[in-house]
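Below: the structure, in structure tokens.
A short reminder: the numbers here are calculations on the coordinates, not readings from a lab. Fair warning: this is a prediction, and the values are worked out from it, not measured in the lab. Ideal geometry is used to build each Cβ from the backbone, glycine not excepted, and the neighbour counts take in all protein chains shown.
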Amino acid sequence: MVVLVAHVHAKSEFLNEYLTECNAMLAPSRAEEACITYDFFSKPDDPNYIVFVEEWTTAKGLEDHFAMPHFKRFVEVTGPYVEEVKIRTYEVSSFNDL
């Protein structure tokens, strides 16, 4: 499994537009065969700070996601809406549900 965590700082003047585009990504991303989890959250003390948390069955599944038309469109449309993006992936060999 591969976990992606993306930290995004959206420009305050474009926050509503950015969140609209984020919401539009949920259904098509979750419908991808390799998607286990696809969610995003805003920080309670900074609504312009968005964190994506995604789980994918394989690294190839995540790569395929990046090639999807809905992802490419998202990146193109939202580029002007963000100040900073930091993305980290984790390869998980095992996990326990608590």
Do you know which of the residues in the range 47-78 that are without any contact (Cβ under 8 Å) to a residue 24 or more places away in the chain and over 16 Å from Asn23 (Cα atoms) is surrounded by the most Cβ atoms within 10 Å (Cβ to Cβ)? Glu63
Of the residues in the range 44-84, how many are under 14 Å from His7 (Cα atoms) and of a type in the set (Lys, Arg)? 0
Top-ranked residue of the range 4-32 - restricted to ones that are assigned to a helix (DSSP H, G or I) and aliphatic (A, V, I, L, M), ranked as surrounded by the most Cβ atoms within 10 Å (Cβ to Cβ): Met25
Boolean, Phe40 is surrounded by 13 or more Cβ atoms within 10 Å (Cβ to Cβ) and touching a Pro at 6+ places or on another chain (Cβ under 8 Å): no
